[in-house]
1. Return a yes/no flag: does the stretch 164-175 have any residue that is open to solvent by less than 40 Å² (accessible area, probe 1.4 Å), of a type in the set (Gly, Ala, Ser), modelled with pLDDT of 95 or more and out of contact with any Cys (no Cβ under 6 Å at 6 or more places or on another chain).
2. So the check is Cβ under 8 Å with 6+ separation or different chains; which pairs have a first residue in the stretch 55-78 that's closer than 14 Å to Ala97 by Cβ and modelled with pLDDT of 95 or more and a second one that's outside any strand (DSSP E or B) and open to solvent by 50 Å² or more (accessible area, probe 1.4 Å)?
3. One residue is enough: does the stretch 94-117 have a residue meeting the conditions in contact with a Cys (Cβ under 6 Å, 6 or more places away or on another chain) and polar (S, T, N, Q)?
4. Tally the residues that are aliphatic (A, V, I, L, M) and under 22 Å from Asn32 (Cβ atoms), restricting the search to the stretch 42-92.
5. Can you report the number of residues in the stretch 83-118 which are buried (at least 18 other Cβ atoms within 10 Å of the Cβ), part of a strand (DSSP E or B) and not polar (S, T, N, Q)?
6. Can you tell which of Leu99, Leu144 is modelled with pLDDT of 95 or more and over 40 Å from the mean Cα position of the chain (by Cα)?
7. In the stretch 55-82, which residues are open to solvent by 50 Å² or more (accessible area, probe 1.4 Å) and in a strand (DSSP E or B)?
Amino acid sequence: MTSLLFTSLFYAAIESCIAVKAMVTFTPDWKNILIYESVNITCNVGPSTHEKLRYYWYKDTKPIKEHRPSFTIQSADESDIGEYQCCTNTSQKSDPAKLGVIHFPLIFQRPLVIYEGNPLTVRCHSRPGIYATNTTFYKNGTLLQFSVTIDHLQFTKVDHNMAGTYHCTKQIYYNKKLQIYYAETYISVEENVFLDERRAVHSFPWIPVSIALLLIFILSLLLFIFRQQLSLLIRGGPQNYPVTEPVELNKVEEDVSYSCINTDNLEEACPAPKHQRDDHSITYSLVACADSSNTPEGISVRTVYDVARF
């Protein structure tokens, strides 16, 4: 029972150390796509020692019939709009990743999650095959970039000052008209703590291993102390039999118990009573008189030894 409990705790410690939260990513990495475009959705859990990982997918918190690490939506429509989550048999459930499918000539595309310190690309995207020109980007109403042909805006490194409302405009020939279309999005910047923790766990596997070894050591120490205490309880503790003076006896194999009685005014030894031969209990009585020269004046000391053999 003890070894079974120890093994269960050991594997529980290992699983708690290696369990990480899954993450849903889109490829291409756009939060919104135009209708009829395709997107690949992937469940990322990092490296794992499990031979058989089982994947579970959810859309708007409801399970969907998909158990692969990734799947592709070939031609998106409004039914594909929603929040996607995933997990495995060794990971925690991911945060929701919302996919938007827009039925409009122009959208402002941004990555699903924007992390501080990473590069960033945003796009003023129109339907392929349609004539479009004169793309302009704004942040909080301030002009950032204008280009006749370039429809994207790049940043080498993201910081929190980049958060804000962005919009773009583009001249598009649509429905036999050349007119200016408008698209908007809000950009928020996330701290990179989550990714740093994931990289630390997978780049330095000795961290969870060290924690597991520490737990094993503590459990082993507690088990050792428990066994020692249990052993003392079973034995009943150490037994002490003090004797003031040695008594010489014939060497026998039987158990012998000693009792020492100190008494005064005892003049002579009492002979041991006789016992029948079939009586296995024999009592020997011996009276010894201490040397009066070694005692305080006027005090006589007598010591009686009763020895019982069984």
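1. We begin by selecting, within the stretch 164-175, every residue open to solvent by less than 40 Å² (accessible area, probe 1.4 Å); these are 164, 166-170, 172.
Within this subset, residues satisfying the condition of being of a type in the set (Gly, Ala, Ser) are 164.
Subset that is modelled with pLDDT of 95 or more: 164.
Now narrow it down to the ones that are out of contact with any Cys (no Cβ under 6 Å at 6 or more places or on another chain): 164.
Checking the stretch 164-175: at least one residue is open to solvent by less than 40 Å² (accessible area, probe 1.4 Å), of a type in the set (Gly, Ala, Ser), modelled with pLDDT of 95 or more and out of contact with any Cys (no Cβ under 6 Å at 6 or more places or on another chain).
2. Trp57/His67; Tyr58/Lys93; Ile73/Ser38
3. Within the stretch 94-117, the subset in contact with a Cys (Cβ under 6 Å, 6 or more places away or on another chain) is 94, 108.
Retained after the next criterion (residues that are polar (S, T, N, Q)): 94.
The answer is yes; a qualifying residue exists.
4. 4
5. 10
6. Details: Leu99 fails: over 40 Å from the mean Cα position of the chain (by Cα).
One residue alone meets the criteria, Leu144.
7. Kept after step one, since they are open to solvent by 50 Å² or more (accessible area, probe 1.4 Å), are these residues of the stretch 55-82: 56, 60-65, 67-69, 72, 74-75, 77-79, 81.
Correct list: Tyr56, Lys62, Pro63, Ile64, Thr72.
Yes or no, residue by residue, for (1) modelled with pLDDT of 95 or more; (2) exposed (fewer than 15 other Cβ atoms within 10 Å of the Cβ); (3) small (Gly, Ala, Ser):
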position	(1), (2), (3)
Ser8	no, yes, yes
Glu15	no, yes, no
Val24	yes, no, no
Pro28	yes, yes, no
Lys31	yes, no, no
Val39	yes, no, no
Thr42	yes, no, no
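The values are calculated or read from the model by the stated rules, or taken from the named source; none is laboratory data. What you are looking at is a predicted structure, and each value in this text was computed from that prediction instead of being measured. As a convention, Cβ positions derive from the backbone with ideal geometry for all residues, glycine included, and neighbour counts pool all protein chains shown. We work out accessible area using only protein heavy atoms, side chains counted, and drop any ligands, DNA or RNA first. Shrake-Rupley method; radii C 1.70, N 1.55, O 1.52, S 1.80 Å.
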